[in-house]
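Some notes on the structure that comes next.
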Amino acid sequence: MKPLAYHELRDVFIKPGCAICNLLKRDIEHYIDTLLYEFTLDLDVNKAFREGRGFCNEHGNQILEHKGSSLSIAILYQAIVSDLLKVVDQASGGPSSRPILARLLRADADDGLAAQLGPSRTCMACDMLAEAEGRYVQALSEHIGDEPLREKYEQSEGLCLSHFRKVLRQTRNPAHYQIMISTQQAIWVRLKAELDEFIAKNDYQRTDPMGVEGDSWSRAARRIAGEKGIFGLDRREG
């Protein structure tokens, strides 16, 4: 029996863009929605959110795009601001705090003020994406030999560079490894031809209209960088 991730990949390959990125975009939207509408007051979730000092830059801005959630966002971040004030107050609370302040001012102190103001855990949204991404990468690497999935991949715009590399690293079956390479290579050949045609048609001597190559430049940028909002600052590739 094939995992759910297999069926999700097969269904999403027909859509424009990297299939794994598209699934993760869906997942992060659902995750943020659930957090804001169901778990804002959950003690464990609130604690984890505070420990991470909220979300990373990418997902911290993405949460603002959820309309009608201003109260939930205020509740979540009020707790963080309160924690930050407690840390600063402890460091600057008067004569009795001078020894503490002196220690916190040391640039090399592990418990310095700057360190205490920082997060003690990674971004919750990034952690969720990393877990979901692992499922999709594993499903593709293990089942790419399945003809329906392979055909969908062949007809797609391919994976972004980062996810292609992740699948290659995960793939242990030599036949599957070769399928991944040959399929993505053919997709890149098509993309390169479209970029060549787009560049050529920008010659002032050319008068023929643009075709499918007209947006090849933007598709190429997304296939190399990945879709927006997927790779938050906590998820830099090592």
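Matching residues to (1) closer than 26 Å to residue 28 by Cβ; (2) in contact with a Phe, Trp or Tyr (Cβ under 7 Å, 6 or more places away or on another chain):
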site: 154; (1), (2): no, no
site: 163; (1), (2): yes, no
site: 198; (1), (2): no, yes
site: 208; (1), (2): no, no
site: 226; (1), (2): yes, no
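If I ask for residues that are part of a helix (DSSP H, G or I) and of a type in the set (Lys, Arg), which ones from the stretch 1-12 would you list?
Filtering the stretch 1-12 for residues part of a helix (DSSP H, G or I) gives 4-12.
Listed by number, the list holds a single entry, 10.
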(request) With respect to residue 160, determine if the residue is crowded, with 18+ Cβ neighbours inside 10 Å and either more than 20 Å from residue 179 (Cα to Cα) or assigned by TED's automatic domain parsing to the domain that holds residue 82 (or both). (result) no
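Scan the stretch 13-56 for residues that are of a type in the set (Gly, Ala, Ser), within 30 Å of residue 147 (Cβ to Cβ) and either outside any helix (DSSP H, G or I) or touching a strand residue (DSSP E or B) at 6+ places or on another chain (Cβ under 7 Å) (or both) and report the count.
1
Looking at residue 142, is it in contact with a Leu (Cβ under 7 Å, 6 or more places away or on another chain) and at pLDDT 95 or above? Before the answer, list the steps.
Details: in contact with a Leu (Cβ under 7 Å, 6 or more places away or on another chain): no; at pLDDT 95 or above: yes.
The answer is no for residue 142.
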(request) Only one of these is at pLDDT below 95 and loosely packed, with under 13 Cβ neighbours inside 10 Å: 182, 120. Name it. (result) 120
(request) Identify, by number, the condition in (1) at pLDDT 90 or above; (2) surrounded by fewer than 12 Cβ atoms within 10 Å (Cβ to Cβ) that residue 132 doesn't meet. (result) (2)
(request) For the stretch 197-212, enumerate the residues that are closer than 17 Å to residue 157 by Cβ and modelled with pLDDT of 90 or more. (result) 197, 198
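Restricting attention to the stretch 1-59, and to residues there that are among the acidic types (Asp, Glu) and farther than 24 Å from residue 228 by Cα, which single residue is surrounded by the fewest Cβ atoms within 10 Å (Cβ to Cβ)? Steps first, please.
Kept after step one, since they are among the acidic types (Asp, Glu), are these residues of the stretch 1-59: 8, 11, 27, 29, 33, 38, 42, 44, 51, 58.
Pick out the ones that are also farther than 24 Å from residue 228 by Cα and you get 38, 42, 44, 51.
Values: 38: 11, 42: 12, 44: 8, 51: 15.
Selected residue: 44.
The values are calculated or read from the model by the stated rules, or taken from the named source; none is laboratory data. The model shown is predicted, which means the values in this text are computed figures rather than measured ones. Please note: Cβ atoms are built from the backbone with ideal geometry, for glycine as well, and neighbour counts cover all protein chains shown.
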